[in-house]
Amino acid sequence: MKKFIALALASVMTLSLAACGGGSDAPASDVAGTAISGDTIKIGVFEPTTGENGGGGMQEVLGIRYANTIVPTVDINGTTYNIELVEVDNQSDKTAAVTAAQSLISSGVVGVLGSYGSGVSIAAGQTFAEAGVPAIGCSCTNPQVTAGNDFYFRTCFLDPFQGTVMASYAAEEMGYKTAAIVSQNGDDYSTGIAAYFKQAFEQLGGTIVADETYQTNESDFNAILTTVKQSEAECVFIPCSIATATLILPQAKANGLQAHILGSDTWENESIVIAAGDAAEGVVFSTFFDENDESTPMAKDFVNGFKAYLNEDAQRITLNGGTDGVAAVSALGYDGYMTMVTALASLDGTEGDLTSVNLRDALAAVNYDGVTGNITFSETGDANKDAAYLKKVEDGKFVFVKKQIDETK
Amino acid sequence: MTSTAFLQYCLTGISIGGIYALIAIGYTMVYGILRLINFAHGDIFMMAAYFMIFAMVDFALPWYVSIVIVLAATVLLGVVIEKVAYKPLRNSPRMSIMISAIGVSYLLQNLATYLFSALPKGYPKIDFLMKTITIGGISTSVVTFITPILTLVFVFVLLQLINHTKIGMAMRAVSKDFETSQLMGIKINRVISFTFVIGCFLAGVGSILYFTPRPSVYPLVGSLPGLKCFIAAVFGGIGSIPGAMLGGFVIGLSETFIKAAGYSEFSDVFTFILLIVVLLFKPTGLFGEKITEKV
């Protein structure tokens, strides 16, 4: 009964939203954007702090807040502007995301950071583009986020690359011939990366012996895991949210699943290891940065600084999932903010009114050396990054396995 | 499908079905006595999970003490809800009390969101329940294995209680005819409170068995299992305890086999279609009594 009422309400809301958004497919150059006025520049933080991705989204927010304490101002044309963060919660929900994006626009932000989770970013992309406000996605890896949207940029690598990296690790490094895939039905991130993994793994001569899906907010994976076990796959690739990973690992162990569990970038999160304990041992996943990589010297400083920032306040530790471990998404949040500030600073010398459209043009030409590597944007707005890092869970710690370079770039 | 796989699916299905059965009994008993569909039941199940987190994580109590506290707190919550939200409406039209139940459901969900935040919280681990055991080719956790056994034991005890004790007789009398049994000197409030005690006790047990192998608790976690158990109760014939148990097992097994066949997106759909089919062809459910309208 409740479900029906909720469904009916949701569809009414969706319809009314669709009615509001119709008929304004203006090309990028025509939009006016938001002008910078006064001595404050508002940057929107568009992240989920509740819902399925609430935990990871919060860690990204922490990275952005930390970056804001490091560089709280920017000088443009002789004026020192304070940078104010305007945070909204997109609730990991595609409908709520559009509302959250509109509230950011109406509060007068000139740039937006986020979001964790590709689905919500795709849903809100059009809102930002129509308002002429540029957005930098920090950790959303699905190609559709930036495709066809002049105002969306991103600081991380993409799912096709990530899927290939994991597939080549499984097929070439480990020599697996058979693999199973478990992905979340209707989730752009999960199904996207699963498809790229499948494609790459099959190209490398492997066979996908089980391709299973589960529903959002599913908590019982026993049936799916039994199917995977039965397929006798040598490894199982599970691109999923942190919440799902903490549920699926103990169940896989109890189920006696022998297949090697491979994860995606979301898995770089200590709360998974804390919750799942020894069930997480041996899991291998791809991620965005490694603090010991010498080609990114800023990484070490960031890790130390961010740890100190977290330890200053017990509340921050709680929000970070109960540890002072540095998640890759925090690093990407930091890089996203710094990229935005670098682009703002490059507006120095621009004549006339400063608007968010100027900021977009500055972002397209930005060049910033970040924690997760050098950031310049391609035509589509994606960071020209060619490296992914593989890590493994050993004795409850993340251990660096290898750095994978994209040879097609 | 090999026979080991088949047995493993069966065990998974019976185990989740057992939990559904325990919760469905709460729906069916309250309906039997009050003719009320207690929509807040799924949320009482959710609150029981938060009580466990409080007891074991925040107060660091050992598991055996925690379980007692959780069951006591859940029972208390159920009885308080009955006294505050249902009792004052006992003589109102039946629709009012049902709307009150929906209100309590939303109240509990939003209260939990306000108090504990919407972020999923980890459910504490009870080590011996999570041990892996292997029987033949089937590997599973202790809790999955003992859930159906516990369910059968509880249903057996409950049936004895209803059929062979004084309070049980009173309950049967009240469910037959509310007003007459009141005239015969049955303390109606005691019987109703007792019904809620049993229903919430079983929801508390179900909660421990459900969340131990699925350790993620958030404020809306009770709503879908709650609906499924309501369907289980309707399927078995609302008001009938063996019916609710059977309904729970049928839904648990069919859900698992649909997922096993690779159609996980249809597992919930099936459950709701089952509700529609039952309502269309056998509205009183498998074991439901035929109600003849008296004029």
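The values are calculated or read from the model by the stated rules, or taken from the named source; none is laboratory data. These figures come from a predicted structure and were not determined experimentally. We place every Cβ from the backbone using ideal geometry, glycine too, and count neighbours over all the protein chains shown. For accessibility, only protein heavy atoms count, side chains too; no ligands or nucleic acids. Shrake-Rupley method; radii C 1.70, N 1.55, O 1.52, S 1.80 Å.
Quick notes
- A:E351 vs. criteria more than 19 Å from A:I36 (Cβ to Cβ), open to solvent by 60 Å² or more (accessible area, probe 1.4 Å) and in a loop (DSSP other than H, G, I, E, B): no
- Candidates B:K125, B:K87, filtered to the one that is surrounded by fewer than 20 Cβ atoms within 10 Å (Cβ to Cβ) and under 19 Å from B:I19 (Cα atoms): B:K125
- Here the range B:1-40 is the region considered, the condition is being under 15 Å from B:I208 (Cα atoms) and of a type outside the set (A, V, I, L, M, F, W, C), and the residue that is nearest to the chain's Cα centre (by Cα) is B:Y20.
- A:E312 at pLDDT 90 or above, away from every other protein chain (no Cβ under 14 Å), surrounded by fewer than 23 Cβ atoms within 10 Å (Cβ to Cβ) and more than 26 Å from A:F161 (Cα to Cα): yes
- B:F116 vs. criteria within 12 Å of another protein chain (Cβ to nearest Cβ), over 16 Å from B:G32 (Cβ atoms) and either among the β-branched types (V, I, T) or open to solvent by less than 40 Å² (accessible area, probe 1.4 Å) (or both): yes
- Beta carbons closer than 8 Å, at least 6 apart along the sequence or on distinct chains, pair a first residue in the range A:203-222 that is within 9 Å of chain B (Cβ to nearest Cβ) with a second that is open to solvent by 20 Å² or more (accessible area, probe 1.4 Å) and basic (K, R) for A:D211/A:K198.
- Pick from the range A:223-234, criterion in contact with a Lys or Arg (Cβ under 7 Å, 6 or more places away or on another chain) and among the aliphatic types (A, V, I, L, M), ranking: farthest from the other protein chains (Cβ to nearest Cβ): A:I224
- Here is the figure for the range A:212-241: residues that are in contact with a helix residue (DSSP H, G or I) (Cβ under 7 Å, 6 or more places away or on another chain) and either assigned to a loop (DSSP other than H, G, I, E, B) or under 21 Å from B:E265 (Cα atoms) (or both) total 20.
- Test: residue in the range B:227-242 that is more than 30 Å from B:Y50 (Cβ to Cβ), of a type outside the set (D, E, K, R) and surrounded by fewer than 21 Cβ atoms within 10 Å (Cβ to Cβ): yes
- The range A:61-85 - residue that is of a type in the set (S, T, N, Q) and part of a helix (DSSP H, G or I) and, of those, least open to solvent (accessible area, probe 1.4 Å): A:N68
- Residues satisfying the stated conditions in the range A:293-309, i.e. at pLDDT below 90 and open to solvent by less than 70 Å² (accessible area, probe 1.4 Å): A:D293, A:T296, A:M298, A:A299
- Checking each residue in the range A:50-60 for being within 13 Å of chain B (Cβ to nearest Cβ) and in a helix (DSSP H, G or I) picks out A:G54, A:G55, A:G56, A:G57, A:M58, A:Q59.
- The set of residues in the range A:182-193 being within 14 Å of another protein chain (Cβ to nearest Cβ), part of a helix (DSSP H, G or I) and out of contact with any Cys (no Cβ under 7 Å at 6 or more places or on another chain) consists of A:T191 alone.
- Inside the range A:315-336, residues that are among the charged types (D, E, K, R) and crowded, with 22+ Cβ neighbours inside 10 Å make up a count of 1.
- Of all residues in the range B:162-180, exactly one satisfies the criterion of being open to solvent by 50 Å² or more (accessible area, probe 1.4 Å) and of a type in the set (A, V, I, L, M), namely B:M169.
- Test: residue in the range A:127-144 that is assigned to a strand (DSSP E or B) and either open to solvent by 10 Å² or more (accessible area, probe 1.4 Å) or not aliphatic (A, V, I, L, M) (or both): yes
- Looking only at residues in the range A:162-181 that are out of contact with any helix residue (DSSP H, G or I) (no Cβ under 8 Å at 6 or more places or on another chain) and assigned to a helix (DSSP H, G or I), the one that is surrounded by the most Cβ atoms within 10 Å (Cβ to Cβ) is A:V165.
- Members of the range B:250-284 found to be open to solvent by 20 Å² or more (accessible area, probe 1.4 Å), facing another protein chain (nearest Cβ under 9 Å) and either more than 21 Å from A:I224 (Cβ to Cβ) or modelled with pLDDT of 90 or more (or both), listed by number: B:F257, B:I258, B:F272
- Among the residues making up the range B:18-53, a single one is of a type in the set (D, E, K, R) and at pLDDT 95 or above: B:D43.
- Test result for A:S286, part of a helix (DSSP H, G or I), at negative phi, polar (S, T, N, Q) and in contact with a Leu (Cβ under 8 Å, 6 or more places away or on another chain): no
- Complete set of residues in the range A:242-273 that are within 12 Å of chain B (Cβ to nearest Cβ), in a helix (DSSP H, G or I) and free of Cβ contacts under 8 Å to residues at least 60 places away in the same chain: A:A245, A:T246, A:L247, A:L249, A:P250, A:Q251, A:A252, A:K253, A:A254, A:I272
- Within the range A:255-284, the set of residues being under 20 Å from the mean Cα position of the chain (by Cα) and within 16 Å of A:G56 (Cα to Cα) comprises A:G263, A:S264, A:D265, A:T266, A:W267, A:E268, A:N269, A:E270, A:S271, A:I272, A:V273.
- Considering residues of the range A:29-60 that are open to solvent by 10 Å² or more (accessible area, probe 1.4 Å) and hydrophobic (A, V, I, L, M, F, W, C) only, the residue nearest to A:E270 (Cα to Cα): A:M58
- The range A:256-265, residues that are buried (at least 24 other Cβ atoms within 10 Å of the Cβ) and touching a Ser or Thr at 6+ places or on another chain (Cβ under 6 Å): A:D265
- So B:I97, is it away from chain A (no Cβ under 12 Å) and either in a loop (DSSP other than H, G, I, E, B) or crowded, with 18+ Cβ neighbours inside 10 Å (or both): yes
- A:D290, sole failed condition from (1) at pLDDT below 90; (2) more than 21 Å from the chain's Cα centre (by Cα); (3) closer than 17 Å to A:V329 by Cα: (2)
- Verdict on A:F151 being more than 21 Å from A:T287 (Cα to Cα), within 14 Å of chain B (Cβ to nearest Cβ) and open to solvent by less than 20 Å² (accessible area, probe 1.4 Å): no
- Checked against the criterion of being within 12 Å of the chain's Cα centre (by Cα), within 14 Å of chain A (Cβ to nearest Cβ) and touching a residue at least 12 places away in the same chain (Cβ under 8 Å), the candidates B:C200, B:C229 yield just one match: B:C229.
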